[in-house]
Structure formats: C-alpha cells, structure tokens
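Here's the structure we're looking at; comments come further down.
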Amino acid sequence: AGGGRLLDRIRKWYYNAAGFNKLGLMRDDTLHEDDDVKEALKRLPEHLYNERVFRIKRALDLSLKHQILPKDQWVKYEEDHRYLKPYLTEVIRERHEKEAWNRK
C-alpha cells in the first residue's frame with residue numbers, strides 16, 4: 001500500500017512539474033495530433049471539442065504573455081480526466097482491425 005501512495009505522489013509531482021496544468025490544459029490537450037488523434041477529435045461531442053479549443057486558445061494567449069493562471073485555476077491532478085481516451089482507443093482499435101483485414 002505504501003508503494004502505491006509513493007507512486008501516486010510521484011505522478012502528482014510530475015503532473016505539476018510538466019506545467020501544462022498551470023495554463024489550464026488537461027493531459028489530452030497536449031497529445032501530438034497524429035492521424036489517430038485527429039480522427040478521435042472529429043468524434044468528440046461538440047461541447048467537449050469546444051471546451052478543448054477554449055483551453056488551448058487560453059493557453060496560447062497566456063504563453064504569449066509569459067503568464068500562468070492564478071493557482072486556484074490550475075487543473076488539479078485529481079480533476080484531469082482523459083476525455084479523449086475512449087474515442088482514441090476506438091480509433092486505434094478500428095485501425096488495427098482494418099490493417100488486419102487488409103493483410104488477409
């Protein structure tokens with residue numbers, strides 16, 4: 001149990017050290033937009049897509065101004081959810097299935 005708590009503390013430290021949360025971004029906002037991610041983004045519900053666009057635009061504006069959000073507005077490790085993961089998992093599964101089909 002102690003090792004799990006230590007690992008969780010390391011994860012939280014690394015999450016905060018990465019710095020994207022200080023700009024109001026979530027982990028999935030920082031993914032490299034390869035073909036799979038682009039397809040997953042197309043499948044996002046409109047409200048999730050709009051929230052993502054807002055966070056990215058705000059982060060770009062803050063970055064240009066060399067500013068960060070006030071600490072009470074940082075995305076907390078516990079509040080960051082992988083909103084894109086279900087869509088990305090499905091896209092990757094479909095791609096693998098298609099590749100397997102094409103190999104036959």
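A Cβ distance below 7 Å, combined with a sequence gap of six or more or placement on separate chains, defines the contacts here; from the stretch 24-38, residues that are assigned to a helix (DSSP H, G or I) reach residues that are open to solvent by less than 70 Å² (accessible area, probe 1.4 Å) and basic (Lys, Arg) in the pairs 29/52; 29/55. The selection criterion, being of a type outside the set (Asp, Glu), exposed (fewer than 10 other Cβ atoms within 10 Å of the Cβ) and within 13 Å of the chain's Cα centre (by Cα), holds for residue 32. Among residues of the stretch 10-22 that are closer than 14 Å to residue 79 by Cβ, those with a Cβ under 8 angstrom from a residue that is among the acidic types (Asp, Glu) and in a helix (DSSP H, G or I), sequence gap 6+ or separate chain, pair up as 20/29. Given the criteria among the polar types (S, T, N, Q), part of a helix (DSSP H, G or I) and within 14 Å of the chain's Cα centre (by Cα), does residue 102 qualify? Criteria not met by residue 102.
For the stretch 40-53, what are the residues that are part of a helix (DSSP H, G or I) and open to solvent by less than 60 Å² (accessible area, probe 1.4 Å)? Passing the criteria: 40, 41, 48, 52, 53. Selection within the stretch 66-81: residues that are over 16 Å from residue 14 (Cβ atoms) and in a loop (DSSP other than H, G, I, E, B). The member of this set that is most open to solvent (accessible area, probe 1.4 Å) is 66. Which condition number does residue 5 fail, the rest of (1) at pLDDT 95 or above; (2) open to solvent by 70 Å² or more (accessible area, probe 1.4 Å); (3) among the basic types (Lys, Arg) being met? Going through (1) at pLDDT 95 or above; (2) open to solvent by 70 Å² or more (accessible area, probe 1.4 Å); (3) among the basic types (Lys, Arg) one by one, residue 5 breaks only (1). One residue is enough: does the stretch 14-23 have a residue meeting the conditions open to solvent by 70 Å² or more (accessible area, probe 1.4 Å), touching a helix residue (DSSP H, G or I) at 6+ places or on another chain (Cβ under 9 Å) and in a helix (DSSP H, G or I)? No, that holds for no residue.
The values are calculated or read from the model by the stated rules, or taken from the named source; none is laboratory data. Predicted model, so just to flag it, every value in this text is computed and none were measured. Reconstructed Cβ throughout: ideal geometry from the backbone, glycine too, with neighbour counts over all protein chains shown. Just so you know, the surface numbers come from the protein's heavy atoms only, side chains and all, with ligands and any DNA or RNA stripped out. Shrake-Rupley method; radii C 1.70, N 1.55, O 1.52, S 1.80 Å.
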